[in-house]
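S.K.: Sending over a structure as structure tokens; questions will come in a sec.
The values are calculated or read from the model by the stated rules, or taken from the named source; none is laboratory data. Since we're looking at a predicted model, the values are computed, not measured. Here the Cβ positions follow ideal geometry from the backbone for every residue, glycine too, while neighbour counts run over all protein chains shown. SASA here: full protein model, heavy atoms, side chains in, ligands and nucleic acids out. Shrake-Rupley method; radii C 1.70, N 1.55, O 1.52, S 1.80 Å.
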Amino acid sequence: VPGYVDAAVHAGMAFGTLGPVSNVAYGAGMGSPTFAALRATVGALVLLAFAGRDERRVSLRSLSRREQALLAMTAGAQACLSLALFAAYGAMSVALVLAVYFSYPLLVCAASIALGRERLTPIRAAALLLSLAGLLVVGSRVMPRLVGWVARFGSRELFLLVTIGIALGIGYLAHGFG
């Protein structure tokens, strides 16, 4: 599974740079729709580059109409999510946007339990509480101090390096627990 770990680490690095890169882009005058389209184009090119490396490729024609419709709806939902995310980066601090963004899985899990689609097992309850506590502690205590300390140096390169390091660390921890 080393190839998958490498892919996950690279994806984490790319995701970790979105906030700082979008702030630079917005500072240069780029709008949210343009940035979202640029991100989608780069992502599609990367996916196409990796698609040819695997024997398990699936042709769109081999999908049923229902599967094609679900794929199209997923792509549309992802486009809306990306546009909203990058519009939020332009309107508020990256830390606040990411706090809301990372709380989304918790909200989905809680909604699934509330709607009766998932059972609230003791392990799931502990995972939810641990995730929420981690999000609150890291989001309200650790990250603001770390980002403030790095920002005092006034170096965009150092800020980007720290952001990539945080993304790598989160990816490594997720892999260790996953």
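S.K.: May I ask you to list pairs of residues, at least six apart or on different chains, whose Cβ atoms are under 9 Å apart, with the first in region 119-138 being over 14 Å from residue 104 (Cα atoms) and the second being assigned to a loop (DSSP other than H, G, I, E, B) and not polar (S, T, N, Q)?
M.R.: As it stands, the answer is 124/118, since those pairs meet every condition given.
S.K.: Any idea how many residues of region 19-47 are open to solvent by less than 70 Å² (accessible area, probe 1.4 Å), out of contact with any helix residue (DSSP H, G or I) (no Cβ under 9 Å at 6 or more places or on another chain) and assigned to a loop (DSSP other than H, G, I, E, B)?
M.R.: Counting residues in region 19-47 that are open to solvent by less than 70 Å² (accessible area, probe 1.4 Å), out of contact with any helix residue (DSSP H, G or I) (no Cβ under 9 Å at 6 or more places or on another chain) and assigned to a loop (DSSP other than H, G, I, E, B) gives 1.
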